[in-house]
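The structure appears below as structure tokens.
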Amino acid sequence: MMKRLSSSQSARASLVVASLAFVAQVLAQTDPLPSWNEGPAKDAILGFVEATTTQGSPHFVPPAERIATFDQDGTLWVEHPLYTQVMYCLDRVPAVVKAKPELAAVEPFKTVLSAIGRRWRTCRWTTSSRSLTRR
């Protein structure tokens, strides 16, 4: 005669089975970037990682000397002088206000169009001097 499992035993058994299925799926995954489309960008990243992590490669970098910076979604972002998205938004304000002039008196549009806003919109990061410059 077969013994019935209690509801807590049944729940634990289900959790164990689900965990094992998840671990098996993770271990079976061979593509290090499964969510990326095949193409030159993916190939370049995988090639760079392989070249810099394979001992004997002319581009090998010892683990102690490796540095990586990732933001929010795992990508490398341009952050200086401001995030690219912020620069885009600041650059778009004059066009948006031109299309809807009533926004010129409304914050944050008013500040962006002011002298302070104009100074921020004209700042750019130059890699040669590593400083802020005006356009």
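The helices (runs of 4 or more DSSP H) found wholly in region 63-127 and carrying at least 2 residues that are at pLDDT below 85 and not aliphatic (A, V, I, L, M) occupy 84-99, 115-121. For region 35-62, a residue qualifies if it is exposed (fewer than 11 other Cβ atoms within 10 Å of the Cβ), polar (S, T, N, Q), at pLDDT 90 or above and closer than 28 Å to Thr84 by Cβ, and exactly one does: Asn37.
The values are calculated or read from the model by the stated rules, or taken from the named source; none is laboratory data. Source: prediction; values computed, not measured. Neighbour counts are summed over all protein chains in view; Cβ atoms, including those assigned to glycine, are modelled from backbone coordinates with ideal geometry.
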